[in-house]
1. Could you list, in sequence order, all residues of the stretch A:126-145 that are surrounded by fewer than 16 Cβ atoms within 10 Å (Cβ to Cβ) and farther than 27 Å from B:R43 by Cα?
2. Taking the stretch A:63-101, which residues are of a type outside the set (A, V, I, L, M, F, W, C) and part of a helix (DSSP H, G or I)?
3. Can you tell me which residue within the stretch A:213-268, out of those that are among the β-branched types (V, I, T) and assigned to a helix (DSSP H, G or I), is modelled with the lowest pLDDT?
4. Kindly indicate whether any position in the stretch B:173-187 is buried (at least 18 other Cβ atoms within 10 Å of the Cβ), under 26 Å from the mean Cα position of the chain (by Cα) and away from chain A (no Cβ under 14 Å).
5. Given (1) surrounded by fewer than 23 Cβ atoms within 10 Å (Cβ to Cβ); (2) modelled with pLDDT of 90 or more; (3) within 13 Å of chain B (Cβ to nearest Cβ), where does A:R28 come up short, assuming only one miss?
6. Here is a list of conditions, (1) in contact with a strand residue (DSSP E or B) (Cβ under 6 Å, 6 or more places away or on another chain); (2) surrounded by 21 or more Cβ atoms within 10 Å (Cβ to Cβ); (3) at pLDDT below 90; (4) closer than 22 Å to A:A152 by Cα, and A:T47 meets all of them except one; can you say which number that is?
7. Filter the stretch A:71-103 down to the residues that are among the hydrophobic types (A, V, I, L, M, F, W, C) and more than 9 Å from every other protein chain (Cβ to nearest Cβ) and list them by number.
Amino acid sequence: MASDAAVEISRLNFRYGERAILKGINMRIPRGSIVAIMGQSGCGKTTLLRLIGGQLKPTEGDLSVEGHDMKAITPDALYRLRRQMGMLFQFGALFTDLSVFENVAFQMREHTDLSESLIRDLTLLKLQAVGLRGVRDRMPGALSGGMARRVALARAIALDPMIMMYDEPFTGLDPISMGVIAKLIRDLNSALGTTSIIVTHDVQESLRLVDYVYFVSEGVIVAEGTPEEIRSSNLPYVHQFVWGEMDGPVPFHYPAPSMQDFLAGNSPHSRRSMHA
Amino acid sequence: MLNKTRQELENVGRMSLDLVSGIGAVFVFLLLTLRYSATSFQRFSLTIREIFFSGVLSLIIILVSGLFVGMVLGLQGYETLQTYGSSESVGVLVALSLTRELGPVVSALLFASRAGSAITAEIGLMKATEQLSAMEMMAINPIARVVGPRFWGGVLSMPILTAMFIGTGVLGGYIIAVLLIGVDSGAFWSQMNAAVDFSHDVVNGLLKSFVFGLAICSIATYQGYAAAPTAEGVSGATTRTVVSSSLAILALDLVLTAFMLKG
């Protein structure tokens, strides 16, 4: 394992049945870095995260995580690898039948033989790290969205993972919670040396946080670079995305027959042709 | 005309294929559950918790229904037997009806609606809120950790609930026949004692309920696990659990009864 990359992807294609989701993806994520994968909703970024986590298998191409070939990995090896990975899901995915404390302690109970007092201390440390030691006895239903996300983060880092994956960590959060989550991601990265992969469409927050950015559009990487390169990019797609412009390479209107045809009754959806 | 007949035949064919592949999928899922069942027994506290949710929380509906079914049997049985002058045999009628058929079948139908639907909804919602994915990403097999304990909790609860249903049913028959109508108490119990065979009636009845438990819990866990991760997906899966389980119980009852009858 001479490579210093935590994740290496080359010429990766992924299809659901006949539908191509990812096409010819090349990516290299160095150990200890924070990398963002950005793009519109439905462009294939979450699929990419699931491929890295081994929940999906590539249709074609190579994908290796910490030196493991994810196409040929056995279920046992995959489970061993996942013990070194953490994932923060979009809405937390906390276990609703367990308290906050039990959620964070879950992996320690399942994967280790640690004593009860050690599990208690470690769990409280993780909760302290996200500032929520005070809600240890609450059930997930009694938490706000931002708190649930932070508890989920504490749970994801319970076993000090080497790779952390964040699926839309900022979606649906108020600016304060967003700032807190961003700070936590940065702190965890510097304290544990974790490689972090963030899938997001939150441009400004992410550009402040990450070392490198990949832009995905319709299953293809259309741009990549450091945050400075991205901010000063003249590529029309990147410019539209970074500055939130309404129209551009990604059109405001979903493809439809022209308005003139519609009014003239030449379109199959226009009222006149429907009565014809 | 020919086209229409052909289309109807195609529909029948497609439905048959769906039915067979559906039964196959449930069976494959059952084998997977059995394969990963070690956790359910090594950490029995997980299964005990599910016995509480599936079994203990179903007690009210099972006991109340058992009592009413027994009382109705007592009334109907007395009415019919009186015609032949053998109203003392009402205890036999109540006990045999309950141990052989009504106990296992009715309690299984109630269990499918009360506990089976809850198992499906819970697993389906865990899937919809990505809790199962989260578990997978933590290198924990959801079939071993989530499905197994719920499956075994239900399977172990079912025969106990049936036994309780039969017990309260007999009590219901006694209340009506002996306490209200005035059938001789000694005749009621002694005829029942003489006519009910332990291995042929009681054990076979509980064996049936064990098989029904296996069917209900396989269907309920499968439907939850395979549900589309949306609100409609979970509600559809819950309905399918109740409908498929009920039909499976009735079909299995016919097959089991055919094998169990002495003659």
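The values are calculated or read from the model by the stated rules, or taken from the named source; none is laboratory data. Owing to the predicted nature of the structure, the values given are computational and were not obtained by experimental measurement. Neighbour counts are summed over all protein chains in view; Cβ atoms, including those assigned to glycine, are modelled from backbone coordinates with ideal geometry.
1. Matches in the stretch A:126-145: A:Q128, A:G131, A:G134, A:A142, A:S144, A:G145.
2. A:P75, A:D76, A:Y79, A:R80, A:R82
3. Of everything passing the filter in the stretch A:213-268, A:V242 is modelled with the lowest pLDDT.
4. Yes, the stretch B:173-187 has at least one match.
5. Single failed check for A:R28: (3).
6. With (1) in contact with a strand residue (DSSP E or B) (Cβ under 6 Å, 6 or more places away or on another chain); (2) surrounded by 21 or more Cβ atoms within 10 Å (Cβ to Cβ); (3) at pLDDT below 90; (4) closer than 22 Å to A:A152 by Cα applied to A:T47, the lone miss is (2).
7. A:A72, A:I73, A:A77, A:L88, A:L98, A:V100, A:F101
For every residue, the table says whether it meets (1) under 19 Å from A:R28 (Cα atoms); (2) among the small types (G, A, S); (3) under 20 Å from the mean Cα position of the chain (by Cα).
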position	(1), (2), (3)
A:R50	yes, no, yes
A:G54	yes, yes, yes
A:L63	yes, no, yes
A:P75	no, no, no
A:R80	no, no, no
